[in-house]
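The values are calculated or read from the model by the stated rules, or taken from the named source; none is laboratory data. All of these numbers come straight from a predicted model, not from anything done at the bench. Quick reminder, even Gly has a Cβ in these numbers, built from the backbone with ideal geometry, and neighbours come from all protein chains shown. These accessible areas exclude ligands, DNA and RNA; they are computed on the full protein's heavy atoms, side chains included. Shrake-Rupley method; radii C 1.70, N 1.55, O 1.52, S 1.80 Å.
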Amino acid sequence: MGLDGPESKTKPVVLWLGTNTCAGDLLSFLNNNNPGYQTWVNDYVDLRYDYLLGVSQGPQNIEILDSTLADLPGRYILIVEGTIPTNSYEFCSVIGIKNSEYWTALQAVRELGAKAGHIIAAGTCAAFGGPYAAAPNPTGSVPLQAILRERTVINVPGCPINPEWLMGTINHLILYGVPELDSLNRPRLFYGQTIHDQCQRRAHFDNGVFAENPGEPWCMYKLGCKGPTTYADCPSRQWNTEHVSWPVKANTPCIGCTSPEFPDGDMPFFEHLPDVELPGIRMQANQVGRWAGLFTALGIGSHLAANIVTGRLAGNYKRDLASSRRKRLLKKKILRKKF
Amino acid sequence: MDLTLKLKRKKPRHSLVARVLHWLYAPSVLTCIWSGFYINRPAKIYGFRNMNSAQKAHFIAQFTLIFAFLARVYYAFQKKNYKEILPNRQTIQNLPRFVRYELFLNSKKPQFPKYNPGQKLLFTGFVLLLPLQILTGLALYFQDSWQKTTKIAKGLNYLRQLHFLVALGNAILVAGHLYFVFTQGFKTLKSIFTGYK
């Protein structure tokens with residue numbers, strides 16, 4: 001069951017913490033329909049703290065968080081948006097001032113996460129690191145689960161999230177409890193199948209009809225579409241509140257924003273595979289293939305040329321011919337002896 | 001000496017089991033590499049009608065390869081003939097002699113028991129790369145049920161990259177193997193068909 005069960009008249013308390021984030025997930029969430037954000041806030045939940053839309057400021061904010069922590073341990077939902085920075089004394093993200101000292105995101109997440117009933121990582125940054133933890137990651141950003149190791153963090157990735165993924169997860173938590181999760185702790189409800197398996201252009205993929213340039217109405221696999229490695233229901237759910245479109249429908253390849261390797265492992269976005277990185281070298285995977293092919297051909301070709309020029313190749317075949325001729329003669333001799 | 005004794009075949013170079021398994025995994029590896037390159041970057045040059053046919057070929061070949069590889073490993077341990085394949089101290093000692101000959105610095109062909117150091121290293125390369133190829137391939141094929149593997153690899157796209165790079169390594173080994181087989185005279189080649197040199 002959820003926090004208070006569907007029969008409960010008290011609304012579940014939600015705290016929405018913003019750490020190292022661009023706020024894209026919250027802004028996307030505001031576009032939800034059925035229920036809309038306002039209905040959700042008024043009728044469904046008690047949104048006590050919101051880093052962007054809350055009317056409280058400064059010490060008031062900290063008071064709200066402190067009182068929730070003290071009064072409702074284990075009975076609130078904590079939503080964290082963004083990565084948790086760990087470098088520079090964690091000062092890359094500060095929630096407020098507590099006891100005359102900076103209360104960093106890391107401290108806040110540790111304290112609030114330890115006593116939360118449920119924890120949701122909203123967006124790819126909070127779920128897997130995302131752009132804020134991308135190389136070279138100067139802030140030492142880590143995803144939420146890396147801080148709250150002993151807690152189950154429900155990952156709702158997306159850059160940004162589709163509002164329904166988060167709304168659906170929160171409402172599922174309230175009404176029925178934790179939804180079924182995959183190995184990466186994503187709700188199977190929304191991340192159960194790959195983009196590729198639900199794609200409207202899947203038939204073009206199977207039939208080998210591929211777009212060579214963006215804008216062509218065929219499968220964008222050759223343009224680096226990450227649909228085959230990305231789990232999300234974008235093709236069926238679609239975006240823009242009224243479910244009108246999604247990247248492939250808008251003629252741009254999927255960039256795999258719900259995947260744990262996003263963005264480092266999905267770049268270059270218009271290439272099939274991520275770049276191969278060796279100390280001092282960064283090369284496209286297909287380029288590695290071309291160079292490997294070239295070196296192999298050169299190696300074999302030059303050895304073959306030397307084999308021919310030195311007469312070794314001909315010698316090998318002559319030797320084998322002579323040997324088999326000797327064997328044939330021997331067989332003949334034996335046969336003559338017998339008869 | 002009796003002439004019949006001279007012709008008597010005591011022990012084949014390759015046993016029937018080894019030959020049958022070789023002719024199972026050899027076409028499988030080639031099909032996997034060829035169809036894999038199409039799957040990585042579809043192009044007409046590979047001769048597949050479409051992605052569906054390339055994937056079918058890849059999947060049939062992959063399961064044949066898994067079966068043949070596991071059977072070969074089992075057979076190698078059962079007959080203890082892995083000792084003929086895996087390099088030992090002697091292989092390392094013989095390596096400079098072999099390299100000098102292959103680099104045309106020495107004209108006299110050195111003699112080695114069954115496999116030369118180059119062959120041993122090449123086959124060991126297969127022994128190391130094929131399990132990695134199979135595991136990454138299975139993780140991609142069963143990506144739903146093997147999602148934990150994806151977690152270890154830090155994502156499906158990295159897994160794909162690793163599968164591709166290992167395939168490149170295998171393709172190089174196959175090219176090297178085929179080159180040496182066809183340039184060493186036809187007796188070695190014949191032995192993988194008939195068992196005898």
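Some values worked out for this structure:
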item: Residue-averaged 222 nm ellipticity for chain A, from DSSP H runs of 4+ at -39500 (n - 2.57), nearest 500; result: -10500 deg cm²/dmol
item: Where trypsin sites (Lys or Arg not before Pro) fall in DSSP loop in segment A:1-99, at most 16 other Cβ within 10 Å; result: A:Lys9, A:Arg75
item: Sites matching trypsin sites (Lys or Arg not before Pro) across segment B:20-70 that sit in DSSP coil, with at most 16 neighbouring C-beta atoms within 10 Å; result: B:Arg49
item: Segment A:276-317 and segment A:159-227: distance between their alpha carbon centers, rounded to Å; result: 41
item: B/A buried area, accessible surface, summed, 1.4 Å probe, Å²; result: 4600
item: Distance violations [Cα-Cα > 23 Å] among A:Lys337/B:Lys11; A:Lys332/B:Lys108; B:Lys11/B:Lys120; result: A:Lys337/B:Lys11; A:Lys332/B:Lys108
item: No Cys partner within the rule (Cβ under 4.7 Å), the protein assembly as shown; result: A:Cys22, A:Cys92, A:Cys125, A:Cys199, A:Cys219, A:Cys225, A:Cys234, A:Cys254, B:Cys32
item: Phi to ³J(HN,Hα) by Karplus 6.51 cos²θ - 1.76 cosθ + 1.60 over segment A:87-102, Hz, x for Gly, Pro; result: 7, 6, 6, 6, 7, 5, 8, 10, 7, x, 10, 10, 6, 6, 10, 5
item: Carbon + sulfur, % of accessible area of chain A - ligands and nucleic acids excluded, 1.4 Å; result: 56
item: Heavy-atom surface of segment B:66-194, accessible at 1.4 Å and reported per residue (Å²); result: 55
item: Surface share of carbon and sulfur [accessible, 1.4 angstrom probe, percent] for segment B:66-194; result: 67
item: Antiparallel DSSP beta bridges within chain A, percent to nearest 5; result: 40
item: Longest exposed-site-free window of chain A, the sites being GluC sites (Glu not before Pro) in a DSSP loop that have at most 10 other C-beta atoms within 10 Å; result: A:8-149
item: Sites A:Met283 and A:Val309 - FRET efficiency at Förster radius 30 Å, r taken between beta-carbons, to 0.05; result: 0.30
item: Reachable aspartates and glutamates, given that their alpha-carbon falls under 12 Å from the alpha-carbon of A:Lys249 and they are not under 8 places away in the same chain; result: A:Glu216
item: Interface residues in segment B:161-181 - accessible area drops by 20 Å² or more relative to the isolated chain, probe 1.4 Å; result: B:Gln161, B:Phe164, B:Leu165, B:Leu168, B:Ile172, B:Ala175, B:Tyr179
item: Under 5 Å, built H, 5+ apart or other chain: amide partners of A:Ile97; result: A:Trp103
item: Computed magnitude of the charge dipole of segment B:66-194 (debye, nearest 20; Cβ of K, R +1, Cβ of D, E -1); result: 460
item: Rounded to whole Hz, the Karplus (6.51, -1.76, 1.60) HN-Hα couplings of segment A:295-301, x for glycine and proline; result: 5, 5, 4, 5, x, 5, x
item: In segment B:71-129, the trypsin sites (Lys or Arg not before Pro) that fall in loop regions by DSSP, at most 15 other Cβ within 10 Å; result: B:Lys79, B:Lys80, B:Lys108, B:Lys114
item: Nearest-20 debye value, the protein assembly as shown charge dipole, Cβ charges on Lys, Arg, Asp, Glu; result: 7780
item: Length-normalised contact order for segment B:66-194 - Cα pairs under 8 Å, 6+ apart - percent; result: 20
item: Difference of contour (0.36 nm per residue) and Cα-Cα distance, A:Tyr176 to A:Leu321; result: 44.2 nm
item: Relative contact order [Cα under 8 Å, 6+ residues apart], chain A, whole percent; result: 14
item: Set of lysines near B:Lys154 by C-alpha distance (under 19 Å), chain-local residues within fewer than 8 positions excluded; result: A:Lys226
item: Under 24 Å from A:Lys338, Cα to Cα: lysines that are on another chain or at least 8 residues apart; result: A:Lys327, B:Lys6, B:Lys8, B:Lys10
item: Å² per residue, accessible surface of segment A:184-265 at 1.4 Å; result: 38
